[in-house]
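The values are calculated or read from the model by the stated rules, or taken from the named source; none is laboratory data. Because the structure is predicted, anything quoted here is derived from the model rather than measured. In this analysis, Cβ positions are derived from the backbone assuming ideal geometry, glycine residues included, and neighbour counts consider all displayed protein chains. Surface accessibility is based on the protein's heavy atoms, side chains included, excluding ligands, DNA and RNA. Shrake-Rupley method; radii C 1.70, N 1.55, O 1.52, S 1.80 Å.
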There are 2 protein chains.
Amino acid sequence: MIEGFVLNATSTYSQSDVQTGTPLPGNYAGSLRPQVHFSPPQGFMNDPNGMFLDAKGTYHLYYQSNVAGNQHWGHATSQDLYNWTNQPIAIFPGGPDEGIFSGSAVVDSNNTSGLFPEQDNGVVAIYTVNTPERQTQDIAYSYDNGFSFIKYENNPVIPSNSTQFRDPKVIWYAPTSSWIMVVAYPVDFEIGIFSSPNLIDWTPESNVSHIGLTGLQYECPNMVEMRVDGDENGETHWVLLISINPGAPLGGSITEYFIGDFNGTHFEPLDATARLTDFAKDNYAGQFFYGIGADEDQVSINWASNWQYTNVVPTAGEELGEGFRSAMSVARGHYLKELPRQGLALISYPRDIFSVVESELAFNDSLGNGSVFVDYSDVQSGALYFEANITALTDLASLDGTLNFTFSSSVSGESVSGGTYISSGDVWLDRGHTDGFSNPFFTDKFSQTGLYREKLGEWRISGIIDRSIIEIFLNEGELGASSVFFPNSPLDTMMLRVGGINESASASVGVWALKAVWLENADANGTVVGNVTEGAGNTMASLLL
Amino acid sequence: MIEGFVLNATSTYSQSDVQTGTPLPGNYAGSLRPQVHFSPPQGFMNDPNGMFLDAKGTYHLYYQSNVAGNQHWGHATSQDLYNWTNQPIAIFPGGPDEGIFSGSAVVDSNNTSGLFPEQDNGVVAIYTVNTPERQTQDIAYSYDNGFSFIKYENNPVIPSNSTQFRDPKVIWYAPTSSWIMVVAYPVDFEIGIFSSPNLIDWTPESNVSHIGLTGLQYECPNMVEMRVDGDENGETHWVLLISINPGAPLGGSITEYFIGDFNGTHFEPLDATARLTDFAKDNYAGQFFYGIGADEDQVSINWASNWQYTNVVPTAGEELGEGFRSAMSVARGHYLKELPRQGLALISYPRDIFSVVESELAFNDSLGNGSVFVDYSDVQSGALYFEANITALTDLASLDGTLNFTFSSSVSGESVSGGTYISSGDVWLDRGHTDGFSNPFFTDKFSQTGLYREKLGEWRISGIIDRSIIEIFLNEGELGASSVFFPNSPLDTMMLRVGGINESASASVGVWALKAVWLENADANGTVVGNVTEGAGNTMASLLL
């Protein structure tokens, strides 16, 4: 949550409306509404919050929302990370000067807090309460699996007189049977690490300070344990992620990370290397789901926008009838992998994307140097997934050629394009040829260099394009770029071209239509009503188990 | 010096031509030839090398050049850092498989090397010799003040069996009466620190390893002592600069730096904060002049290009008759300054730019909200310097408004623009509306955030535009961006607009025509012949003092 943001999103709902417990309806039919990405029913959304996986296999996503005025936690649930059900607002501010800022949630299955004498699925949200005077860390607890929350009566659990102390992310650290919080002191460029036996009494243990790029604020830290790909001894390392805004290298907002170890009190980076999670500029404030162990791939969802322009992008315009601003990335799977030269790196790939594939539009496993053309104007979602593999790269001399893709509008000629130079290892993305939005900070072109000289065998680029957002990945997540874009006319034509690859090399390409997940859950007008029965709204007392 | 670059620049000169000692002529009349920036007479130029200030006040700039085939050191001299005299090539490779890669130069005034028994102005160049098998650190010495060099007979002074060990930068460290070298182990992400009593025998002292952004290579380190602005006790700190390529955040090449202290053997950063020297992407491999003390502002010159596209920019096209690729930044003055929130930062400002001002084109010290329009089609250089100040920003509420500038072509409508949002502190630059070059990696827009909430009083943007390069600066060097651009028609019209500033605030704007420094030294065809008399060419023996 940044200081000083501006809400421009239109809303016809008042504070009293949303406090009735009725989820906000949203129109998901607009041409800029993503169909496999989460976007809020109405209004402005920023950081993902409180993400946890419950014992029944439901993923809970909360998010910073100000549709009803000051910041509160919106809520949605999903079984598969693509089909989301909008839920009633989960946590409201206590007054007009108060905002429920970013934070996290855990399942207190052992009742360490003492708040859940009769259940093993109590949920505790840990978040920042923002007032003009200070930011404190507060908790609220839920008897009904995270649909409604009761604020703890002795809040704050971590008091403060500072206006710069926020975004607690809590995990369970089994070796010491402790809850561990990472929390940002943004303008001091410090991440505080606290421990607690009960989620209520917190002890400051250590700080990570002034590391990597600082921008002008540290925000939204996450610390998460991850497996190392291919390690037969079950080795894990810890990843500390810090979002920086403003002041990212490309302007505005981005996330950097450090790989190290955690001993229960201190995070010790393996070295001071700073790495970025994304090479474009719409990937900020990502959060990892609580409840996934390091033996599995960790899962995050990230805010796909940038504070430099998020308040002026055109999706809130009434003329478009969309009335929302910002989408989340698709859920990403993560693990660590030793990359040649670069060492350990965070792999970030779209999780289970094939679960939302509707149909195959093109597949060619012997393309060679050639093109694939796809007219997808009939695909209801307007969303595609594609993969292109250059294989049989047997030696350095075979590392040649290019693989380029263009998504364009047959009506306006607007386009989003990208590609990779196999010889140099550079990957690029260009959103500059869309006409629905321009802004000095809406950078057109992004690029980054993958490893190539040591990367023989295969070179793969894949991507998801979804109306107003594209995410591309190199080599199944060694590099990634997340970028929003705003065409006046829907993009409906794809061209993918492989050129100049060595004759001993092979190329295969697949393009798949994705389901219109949101519209499948909408009425004939494209309106998604959300869940009015499962959740508790704000009538918590009646739902005590 | 990157591995695997490609020379596309045209040249009609052979190795034997340049070895005659005749400096290469260059045509400096082309519409893309900078007039206040250094660019080579012909062919491809990359890293600045061997920079030193001699006792007579002459600045020596060497540079990576391959006009004659494999890499050698081009050379130019200047009294004022703007009027450069092209000199004969200074150091040649010893054979067709050898390249004289990047390095530095010092004046061995105390004859520590024993190479200069009869003079106090002996110059020693320390550089990397690159062969297919290895990179070693070699030295060459000059009796004639750096115009010609004799290779030391017992080279290398630091042997190696690695192909990844390069770019030595040497300084004199008085407290231990030692020469200190920083040198890159690029793919190990390490900077080695060596010491020597005599420039010949080198002892490894320590390494700085895996810090900040690594990209895929560390290159061209510099370690330099600098004063801290406003410190009355004469406090200094040391700045370690590391160029990274490929793999910079914006793609390709950039330079990061760390602030710390040096004790004669170890560089200890104050913290692990990584900062970038530039928020655009044409500032790489900068080098600091040897011979300037920490009581003065340090001076650097930086390569104003990016390996992602430097080999394909249009200035080498025969149709343009320019036949060169790459320019250097103007000389930058540097010191450290404590900035609000951010802490110590490297200030980087154009040095003595008013020394090349030809005339005042516009000046308005009470602009308020308004515009300044300048037709500069009559300015021979096509180069301008401008400053715009918003003053009397008395409180947070007065931090509002924008200051934007556009340089455009009255013929083609092409433009380069930029500006600053005083309320958010963001500064931006957009080179995307020029038509002479496009490329997936030729990023259009750049931006960064200055400090604002604490920055009351004044908000200043200034810039130098010079045919095919623009450098802008916020608040006299707190932020900077260096960007090349390639219009088909020369830019000849400037519009600067101040809008929305608080009525209590003031705006002042000045625009100055810069001299056509290169053309002033050219013949009627725009050809600069260079110095054929002062330098020694390659006939070193005759010039022994």
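Which strands (runs of 3 or more DSSP E) sit wholly inside segment B:284-371 and have at least 1 residues that are surrounded by fewer than 24 Cβ atoms within 10 Å (Cβ to Cβ) and touching a Gly at 6+ places or on another chain (Cβ under 7 Å)? Result: B:298-303, B:343-350, B:357-364. Could we say that B:W172 is aromatic (F, W, Y) and in contact with a Pro (Cβ under 9 Å, 6 or more places away or on another chain) here? No; evaluated as a whole, the condition is false for this residue. The residue list B:L496, B:L456, B:L519 contains one member that is open to solvent by 20 Å² or more (accessible area, probe 1.4 Å), more than 30 Å from B:V312 (Cβ to Cβ) and more than 11 Å from every other protein chain (Cβ to nearest Cβ), which is B:L456. Every test in (1) at pLDDT below 95; (2) more than 29 Å from B:S424 (Cα to Cα); (3) in the same structural domain as B:S423 (by TED's automatic domain parsing) is passed by B:E476 save one, and that test is (2).
B:M223 fulfils the conditions (1) of a type outside the set (D, E, K, R); (2) within 12 Å of chain A (Cβ to nearest Cβ); (3) crowded, with 20+ Cβ neighbours inside 10 Å except for a single criterion, (2). Please specify each residue of segment B:460-479 satisfying the condition of being within 14 Å of chain A (Cβ to nearest Cβ) and not in a loop (DSSP other than H, G, I, E, B). Listed by number, the residues that qualify are B:I461, B:I472, B:L474, B:L479.
Against the condition under 20 Å from B:G251 (Cβ atoms), within 14 Å of chain A (Cβ to nearest Cβ) and of a type in the set (S, T, N, Q), how does B:S447 come out, does it pass? When the stated conditions are applied, B:S447 passes them.
Just to verify a result, which residue in segment B:117-138, among those that are of a type in the set (S, T, N, Q) and part of a strand (DSSP E or B), is nearest to the chain's Cα centre (by Cα)? Result: B:T128. When segment A:420-433 is limited to residues that are more than 7 Å from every other protein chain (Cβ to nearest Cβ) and either of a type in the set (F, W, Y) or buried (at least 23 other Cβ atoms within 10 Å of the Cβ) (or both), the one that is nearest to A:L32 (Cα to Cα) turns out to be A:R431. For segment A:278-291, the criterion of a residue being under 16 Å from the mean Cα position of the chain (by Cα) and among the basic types (K, R) is satisfied by at least one position. Evaluation of A:N161 against the conditions (1) open to solvent by 50 Å² or more (accessible area, probe 1.4 Å); (2) farther than 30 Å from A:P249 by Cα; (3) assigned to a strand (DSSP E or B) shows that the sole unmet condition is (3). Being within 13 Å of chain B (Cβ to nearest Cβ) and touching a residue at least 24 places away in the same chain (Cβ under 8 Å) is not true of A:I193. Can you confirm whether segment B:404-411 contains a residue that is free of Cβ contacts under 8 Å to residues at least 40 places away in the same chain and within 11 Å of chain A (Cβ to nearest Cβ)? Checked segment B:404-411: no residue is free of Cβ contacts under 8 Å to residues at least 40 places away in the same chain and within 11 Å of chain A (Cβ to nearest Cβ).
If you scan segment A:226-249, which residues turn out to be open to solvent by 20 Å² or more (accessible area, probe 1.4 Å) and within 14 Å of chain B (Cβ to nearest Cβ)? Within segment A:226-249, just A:P246 meets the criteria. Residues in segment A:201-208: is at least one under 22 Å from the mean Cα position of the chain (by Cα), crowded, with 23+ Cβ neighbours inside 10 Å and within 14 Å of another protein chain (Cβ to nearest Cβ)? Checked segment A:201-208: no residue is under 22 Å from the mean Cα position of the chain (by Cα), crowded, with 23+ Cβ neighbours inside 10 Å and within 14 Å of another protein chain (Cβ to nearest Cβ).
In this entry, A:E256 is excluded by the filter for residues that are within 14 Å of chain B (Cβ to nearest Cβ) and open to solvent by 20 Å² or more (accessible area, probe 1.4 Å).
Filtered by the rule that a residue be at pLDDT below 95 and aliphatic (A, V, I, L, M), segment A:427-460 gives A:L451, A:L456. In this structure, is B:I211 surrounded by 24 or more Cβ atoms within 10 Å (Cβ to Cβ), out of contact with any Lys or Arg (no Cβ under 7 Å at 6 or more places or on another chain), within 14 Å of chain A (Cβ to nearest Cβ) and within 25 Å of A:G450 (Cβ to Cβ)? Yes; evaluated as a whole, the condition is true for this residue.
Residues of segment A:434-444 that are facing another protein chain (nearest Cβ under 9 Å) and among the acidic types (D, E): A:D444 alone.
Considering segment A:262-289, the residues that are away from chain B (no Cβ under 14 Å) and in contact with a Leu (Cβ under 7 Å, 6 or more places away or on another chain) include one that is nearest to A:G57 (Cα to Cα), namely A:F289. Here B:A327, B:A294, B:A304 are screened, and the one residue that is under 20 Å from B:L479 (Cβ atoms) and not assigned by TED's automatic domain parsing to the domain that holds B:E471 is B:A304.
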